[in-house]
1. Only residues that are crowded, with 19+ Cβ neighbours inside 10 Å and either over 19 Å from the mean Cα position of the chain (by Cα) or free of Cβ contacts under 8 Å to residues at least 12 places away in the same chain (or both): list them for the stretch 21-37, please.
2. Name the single residue that is farthest from ligand 1 (Cβ to nearest atom) among those in the stretch 151-167 being within 17 Å of the chain's Cα centre (by Cα) and not hydrophobic (A, V, I, L, M, F, W, C).
3. Quick test for you: out of ALA168, ALA153, ALA130, pick the one residue that is out of contact with any Pro (no Cβ under 9 Å at 6 or more places or on another chain) and part of a loop (DSSP other than H, G, I, E, B).
4. Inspect all residues belonging to the stretch 8-18 and state whether any of them is under 14 Å from GLY64 (Cα atoms) and free of Cβ contacts under 8 Å to residues at least 40 places away in the same chain.
5. Scan the stretch 250-269 residue by residue and report those that are among the charged types (D, E, K, R) and either assigned to a loop (DSSP other than H, G, I, E, B) or modelled with pLDDT under 95 (or both).
6. Scan the stretch 211-243 for residues that are among the acidic types (Asp, Glu) and over 19 Å from the mean Cα position of the chain (by Cα) and jot them down.
7. State which residue is nearest to GLN150 (Cα to Cα) when the search covers only the stretch 218-230 and only residues that are crowded, with 19+ Cβ neighbours inside 10 Å and either more than 13 Å from ligand 1 (Cβ to nearest atom) or not aliphatic (A, V, I, L, M) (or both).
8. Between LEU170, LEU143, which is more than 20 Å from the chain's Cα centre (by Cα) and at pLDDT 95 or above?
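The values are calculated or read from the model by the stated rules, or taken from the named source; none is laboratory data. Owing to the predicted nature of the structure, the values given are computational and were not obtained by experimental measurement. Counting neighbours? That spans all protein chains shown, and the Cβs are built from the backbone with ideal geometry, glycine included.
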Amino acid sequence: MKEKVAVLMGGRSLEREVSLRSGRRVSEALAERGYRVVPLDVTPELVPTLRREKPDAVYVALHGKDGEDGAVQGLLEFLGIPYTGPGVAASALAWDKALSKRLFVKAGIPTPPWVAFTAAAFKHMGAATALDLVPDALGGFPLVVKPSGQGSALGLSKVDDADRLPSALLDALPYGETVLVERWIEGTEIAVSVLDGPDGPEVLPPVEMAPKSGVFDFSAMYTPGETDYYVPARLPDDVLRAVQGLARSVHELLGCRHVSRVDMVVDVDGDPYVLECNTSPGMTETSLLPMAAEAVGIGFQDLVERLVRMALDAVE
Ligand SMILES: Nc1ncnc2c1ncn2[C@@H]1O[C@H](COP(=O)(O)OP(=O)(O)O)[C@@H](O)[C@H]1O
Ligand SMILES: [Mg+2]
């Protein structure tokens, strides 16, 4: 038998169900590979169970708040258990879209223009009276409103005119303290995954998502058949190379280790824009990282084992 690996999944985030799907698949893959697997839903029993079970490593299959924002990572470091995926600071930075976009701009990484508002700015500072300035500041409609910290397109809406802006903000605010209003980029949606290897980060082929409904929302992300995927994305070679370079830059800029997945849109002129970086990419049947890995001959079990080995063997 190989080492004992605890797979953390579920939890209380809004992406609980997605995480359970990721976690079950990861657990199966590890068991197939001969690891002793301890599947763990995240409950108040988590810490006592980890102390009792003493796993050699944890596979973090959590998505969303607490699992992807550095919280569980910090706890695992305190307990001295190696874990898969980016560390505390990288997770926290990537989770915070408003902050990571600032870093992208500083580093010359293209990202759609945006404004961030906090709930406090609306409640206590009169920010609502300046919403009329937003469209011009961002170059006009359409815009997108989304929570700064959230995933799976939850709380996100496309806004085509000024009348819809306040209600879109109200829809996003329950998801967190900060909301972004961002210019909508019309074009090809892609996800570019980065996997650390012995020779540094390896950038996998970009995956193109073409949702049949036209919108890559929660249902399009997780319902088989609702989205067509193309690997590599149907883009010219020079654009494919450029987006792979950008994904590597984002992975390194945020200080990611092991794995990350960078979501982008390439506009009609072939110019890419980075939307966000995911530090706990989905591992479900319709997820993008496994699809990209498969395209270069890394099967699902290989992918999972490779990530676990990085944690176990402390490959940074
Ligand atoms: N500025 C934008 N332009 C075009 N599409 C966008 C934009 N922002 C978000 N989207 C769409 O919404 C989806 C989710 O947005 P994203 O920023 O990746 O957040 P998350 O995946 O964390 O919910 C994207 O995959 C894309 O389909
Ligand atoms: Mg995304």
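1. At the first step, the residues of the stretch 21-37 found to be crowded, with 19+ Cβ neighbours inside 10 Å are 21-23, 25-27, 29-30, 35, 37.
If the condition is that a residue be crowded, with 19+ Cβ neighbours inside 10 Å and either over 19 Å from the mean Cα position of the chain (by Cα) or free of Cβ contacts under 8 Å to residues at least 12 places away in the same chain (or both), then SER27, ALA29, LEU30, TYR35, VAL37 are the ones that fit.
2. As a first pass, look at the stretch 151-167 and keep what is within 17 Å of the chain's Cα centre (by Cα): 151-156.
When the remaining residues are screened for being not hydrophobic (A, V, I, L, M, F, W, C), the result is 151-152, 155.
On the way: GLY151: 4, SER152: 5, GLY155: 8 Å.
If we take residues in the stretch 151-167 being within 17 Å of the chain's Cα centre (by Cα) and not hydrophobic (A, V, I, L, M, F, W, C), then GLY155 is farthest from ligand 1 (Cβ to nearest atom).
3. On the way: ALA168 fails: part of a loop (DSSP other than H, G, I, E, B); ALA130 fails: part of a loop (DSSP other than H, G, I, E, B).
Of ALA168, ALA153, ALA130, the one residue that is out of contact with any Pro (no Cβ under 9 Å at 6 or more places or on another chain) and part of a loop (DSSP other than H, G, I, E, B) is ALA153.
4. We begin by selecting, within the stretch 8-18, every residue under 14 Å from GLY64 (Cα atoms); these are 8-18.
Then drop every residue that is not free of Cβ contacts under 8 Å to residues at least 40 places away in the same chain, which leaves 17.
Checked the stretch 8-18: at least one residue is under 14 Å from GLY64 (Cα atoms) and free of Cβ contacts under 8 Å to residues at least 40 places away in the same chain.
5. The first filter runs over the stretch 250-269 and keeps only residues among the charged types (D, E, K, R), leaving 252, 257, 261, 263, 267, 269.
Residues satisfying the conditions are ARG257, ASP269.
6. Correct list: GLU226, ASP228, ASP237, ASP238.
7. TYR222
8. Working: LEU170 fails: at pLDDT 95 or above.
Being more than 20 Å from the chain's Cα centre (by Cα) and at pLDDT 95 or above holds for just one of LEU170, LEU143, which is LEU143.
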